[in-house]
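> One structure follows; several queries about it will come next.
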Amino acid sequence: MTYNLECPVTGYKDTDVVTMAHGSGGESMQKLISEMFAKAYPDLQSDQDAACVYIAEPKFISFTTDSFVIDPIFFPGGDIGSLAVHGTVNDLAMRGSQPKYISIAFILEEGFPMKDLERIVHSIAEASAKAGVKVVTGDTKVVGRGQGHGIYINTSGIGEIRAITKIVPDVQNVGIGHKIIVSGDIGRHGMAIMSVRNGMELDPPILSDSAPLNGMVRELYYDYINPLCMRDATRGGVAAVLNEIARSAKLHIRIEEEKVPVDENVRGLAEILGLDPLHIANEGRFVLFVKPEDAEKAVSILQKFEGGEKAAIIGEVVAEHEKGLVTAKTLLGSEKPIHMPVGEILPRIC
């Protein structure tokens, strides 16, 4: 166990403060993690959705924690309760583990309606049962009126790394020639939230993609597909995930714009709001890297699941690149850079 007990030198000035961008999943958050948190905690596995922790040779577990501050707390396709379960389960699944146990901690504001709390509590129970995890511990705190925005939820989760997981999914497994798959159409969660915030009554409404992914991941392993790397595309969307992986692995990732699955309603609303679907948050979609010979089979497996009907191969790793690079081939045949999101596109999205 190691800690950096010296006063870290981060380059921040006395006048620098936390902004909404520091929670966006984009450039500002990555800088905060790498320049402050990772320097203070050398054992932090900051480039993964969940840490892999050895408990006794040869067994080890995955462990994750998350907090949920979404606004509104009830949205088309879900609520803060089911979202908290899905977010935790999915982070564990992205390390190839079977989610087993989660904790739920509530921070409640005085005056929060008990009926809403009861609805959220039952939503957590239903989502946990569907995902096959048990809520085994928790906590409750109450803050004064006007101090807590109704309700926040914090979770932690433990998953079991099984013998079937011969290679633990990790960014360091990614190499030239590997194919990139997205598990379904993207941008639904972010656009569901934005439609509610902007008072847009769409017909049909855009439903959040919030869902557990561990069933999909389990089936990949059962059909002898060993994912090389997996990341759920939450804050910052697919663009953030691809940039994080490209930078960590020092590779050039190229996707094909026309192959990225986007629902027409999502695309239309994104255009109205001036947003790129690649930068929009998802809560039930993940990016998967596999060997070329496994790509078509992996897609066919994902397409059997609800939410995975539009799973597709969207690109591949094409070359080494010292600083990491993500580009997209356009419909016109040109190639454009896909940058890490900068600033807070959709605050309080999860």
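> Between Glu219 and Glu35, what FRET efficiency follows from the Cβ-Cβ distance if R0 is 35 Å, with the result rounded to 0.05? Before the final figure, lay out each step's value.
Details: r = 39 Å, r/R0 = 1.11.
The computed FRET efficiency comes out at 0.35.
> Given R₀ = 41 Å, what would the calculated FRET efficiency be for Arg348 paired with Glu322, taking r from the Cβ atoms and rounding to 0.05? Show your work: numbers first, answer last.
Working: r = 36 Å, r/R0 = 0.87.
Approximately 0.70, to the nearest 0.05.
> While we're on this one: Loop only per DSSP, at most 11 neighbouring Cβ atoms within 10 Å: give me the GluC sites (Glu not before Pro) in segment 281-317, ordered by residue number.
Here the GluC sites (Glu not before Pro) that fit, given the DSSP loop and packing criteria, are Glu306.
> Continuing with the same structure: Label segment 191-350 by shape, choosing from rounded, prolate and oblate, from the square roots a ≥ b ≥ c of the eigenvalues of the Cα gyration tensor; if a/c is under 1.5 it is rounded, and otherwise prolate applies when a/b is larger than b/c, oblate when it is not. Numbers along the way, then the final one.
Values: a/c = 1.75, a/b = 1.21, b/c = 1.45.
Since a/c reaches 1.5 but b/c is at least a/b, the shape of segment 191-350 is classed as oblate.
> Only helical DSSP H runs with n ≥ 4 go in: add -39500 (n - 2.57) per run for the chain, normalise by residue count and round the 222 nm mean residue ellipticity to 500 deg cm²/dmol.
-7500 deg cm²/dmol
> Heavy atoms only, 1.4 Å probe, whole protein assembly: order Glu219, Glu335 by accessible area, highest first.
Values: Glu219 65, Glu335 95 Å².
Result of the area sort, largest leading: Glu335, Glu219.
> Any idea how far apart Glu201 and Glu264 come out in nm if each label point goes 7 Å out from Cα toward Cβ?
Label at Glu201, label at Glu264, 2.3 nm between them.
> How much of the accessible area of segment 171-337, probe 1.4 Å, is carbon plus sulfur, in whole percent? It would help to have the intermediate numbers written out before the result.
On the way: 3360 of 7080 Å².
Solvent-exposed carbon and sulfur of segment 171-337 make up 47 percent of the total.
> Counting only protein heavy atoms and using a 1.4 Å probe, what share of the accessible area of segment 56-165 belongs to carbon plus sulfur, as a whole percent? Provide the component values of the computation, followed by the final result.
Numbers: 2910 of 5110 Å².
Carbon plus sulfur share of accessible area: 57 percent.
> Right, here's the next one. Can you list the HN-Hα couplings for segment 317-323, worked out from phi with the Karplus curve (6.51, -1.76, 1.60; θ = phi - 60°), rounded to whole Hz and with x for Gly and Pro?
8, 10, 6, 6, 7, 3, 9
> Modelling each spin label as a point 7 Å along the Cα-to-Cβ direction, I'd like the Thr140/Val17 distance in nm, to one decimal.
That separation, rounded to one decimal, is 3.4 nm.
> What FRET efficiency, computed as 1/(1 + (r/R0)^6) with R0 = 45 Å and r the Cβ-Cβ distance, is obtained for Lys336 and Asp43, rounded to the nearest 0.05? Walk me through the intermediate numbers first.
Values: r = 38 Å, r/R0 = 0.84.
Taking R0 as 45 Å, the efficiency between Lys336 and Asp43 is 0.75.
> May I ask you to compute the full-extension gain from Asp116 to Ile272, defined as 0.36 nm times their residue separation minus their alpha-carbon distance, rounded to one decimal in nm?
Working: separation 156, 0.36 × 156 = 56.16 nm, distance 3.22 nm.
Working it through step by step, the gained length comes to 52.9 nm.
> In Å, what Kirkwood hydrodynamic radius results for segment 20-161 from the alpha-carbon pair distances? Present the calculation step by step, with values, prior to reporting the outcome.
Working: mean 1/r = 0.0613 Å⁻¹.
The answer is 16.3 Å.
> May I pose another question? Counting DSSP beta bridges with both partners in the chain, what percentage is antiparallel, nearest 5? List each step's numbers first, then the result.
Working: 46 of 60 bridges.
Among the beta bridges of the chain, antiparallel pairing accounts for roughly 75 percent.
> After finding the eigenvalues of the alpha carbon gyration tensor for the chain, what semi-axes result from the square roots of 5 times each, listed largest first in whole Å?
On the way: eigenvalues 163, 121, 105 Å².
Over the Cα atoms of the chain, the ellipsoid semi-axes are 29, 25, 23 Å.
> Over all pairs of distinct alpha carbons, what does the Kirkwood formula give as the hydrodynamic radius of segment 223-276, in Å? All intermediate terms of the calculation are to be shown ahead of the outcome.
Details: mean 1/r = 0.0747 Å⁻¹.
Computed over segment 223-276, the radius equals 13.4 Å.
> Under a 1.4 Å probe, what is the accessible area of the chain per residue, stated in Å²?
Dividing the accessible area of the chain by its residue count gives 48 Å².
> Restricting everything to alpha-carbon atoms, can you work out Rg to Rh for segment 252-338 with a Kirkwood hydrodynamic radius? Let's see the in-between values first.
Working: Rg = 14.1 Å, Rh = 14.5 Å.
Result for segment 252-338 is an Rg/Rh of 0.97.
> Something else: Once phi is turned into ³J(HN,Hα) by the Karplus curve 6.51 cos²θ - 1.76 cosθ + 1.60 with θ = phi - 60°, what whole-Hz value does each residue of segment 112-123 show in order, with x for glycine and proline?
Per-residue couplings from phi come out as 5, x, 5, 4, 5, 4, 4, 4, 5, 4, 5, 5 Hz.
> Something else now. If amide H atoms are built 1.01 Å from N in the plane of the peptide, which residues on other chains or at least 5 residues away come under 5 Å of the amide H of Ala328?
The answer is Ile255, Lys336, Ile338.
> Separate question: Please tell me which of these pairs span more than 22 angstrom C-alpha to C-alpha: Lys179/Lys329; Lys130/Lys166; Lys39/Lys100; Lys259/Lys336? Present the calculation step by step, with values, prior to reporting the outcome.
Details: Lys179/Lys329 15 Å; Lys130/Lys166 26 Å; Lys39/Lys100 31 Å; Lys259/Lys336 15 Å.
As for pairs spanning more than 22 Å Cα to Cα, those are Lys130/Lys166; Lys39/Lys100.
The values are calculated or read from the model by the stated rules, or taken from the named source; none is laboratory data. All values reported here derive from a predicted model rather than from experimental measurement. Backbone-built Cβ (ideal geometry, glycine too); neighbour counts: all protein chains shown. SASA here: full protein model, heavy atoms, side chains in, ligands and nucleic acids out. Shrake-Rupley method; radii C 1.70, N 1.55, O 1.52, S 1.80 Å.
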